[in-house]
Structures are given as structure tokens and as C-alpha cells.
Amino acid sequence: KIVFVRFPHSGGLKELEDRITPRERTWDPLIQKSGVPGIYYSDFPELSNFDCPEWSHLTAGDSVEFTKRLVPHLQTALAR
């Protein structure tokens, strides 16, 4: 089984990606056309409050906490 996950990103990388690959032209069509479940971090308050000091990577501690919070969403997506 497959679940697409959009992990947190921030800073200049988020600004660039939002501008050149906006969600409505990339992520949303991918999920719709593939029929594969997707988890986009900013759709869930418990996943969206993480900052990426290097713009695309969580700190070691935050990565553990993010994963703990992500697991229930993965379980739900995989149960579909």
C-alpha cells in the first residue's frame, strides 16, 4: 500500500515551492488522479506547527514528535 506524505518545509524553500509548484497544480491533482491517499502536513494542526531550521528538515527531536503524530494519520489512510 502507498500513502503520499508531504512533510513540513519552511522559509525560502516553502516560498519557492509555493510559487513554482503550487499545491493546487501539483499535490492535489496527484492525489486525485492516482487514487492514492495523501497526508499534507498543513491540513492537520498537530502536524503543521513544526519549523524546519534548514527549510526542509526537522530537528532530531521534532522528527520524533512529528512521526508520533503522523502515525495515526498513516494508520487511517492505510485502513481505507
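The values are calculated or read from the model by the stated rules, or taken from the named source; none is laboratory data. It should be emphasised that the depicted structure is a prediction, and the values quoted were computed from it without experimental measurement. Every residue, glycine among them, receives a Cβ derived from its backbone with ideal geometry; neighbour counts consider all protein chains shown. Ligands, DNA and RNA are stripped out before the accessible areas are found, and what is left, the full protein with its side chains, is counted by its heavy atoms. Shrake-Rupley method; radii C 1.70, N 1.55, O 1.52, S 1.80 Å.
Which pairs have Cβ atoms under 9 Å, sit 6 or more apart or on different chains, and link a residue in segment 34-51 that is farther than 14 Å from residue 74 by Cα and part of a helix (DSSP H, G or I) to one that is among the β-branched types (Val, Ile, Thr) and open to solvent by 30 Å² or more (accessible area, probe 1.4 Å)?
34/2
Determine whether residue 31 is surrounded by 14 or more Cβ atoms within 10 Å (Cβ to Cβ) and in a strand (DSSP E or B).
no
Quick check on segment 56-80: of everything there that is in a loop (DSSP other than H, G, I, E, B) and in contact (Cβ under 8 Å) with a residue 40 or more places away in the chain, which residue is most open to solvent (accessible area, probe 1.4 Å)?
80
Taking the condition of being farther than 17 Å from residue 69 by Cβ and open to solvent by 50 Å² or more (accessible area, probe 1.4 Å), how many residues in segment 34-55 meet it?
Residues meeting the conditions: 5.
Those residues that are over 15 Å from residue 69 (Cβ atoms), open to solvent by 70 Å² or more (accessible area, probe 1.4 Å) and in a loop (DSSP other than H, G, I, E, B), I need them from segment 1-16; list them, please.
If the condition is that a residue be over 15 Å from residue 69 (Cβ atoms), open to solvent by 70 Å² or more (accessible area, probe 1.4 Å) and in a loop (DSSP other than H, G, I, E, B), then 1, 2 are the ones that fit.
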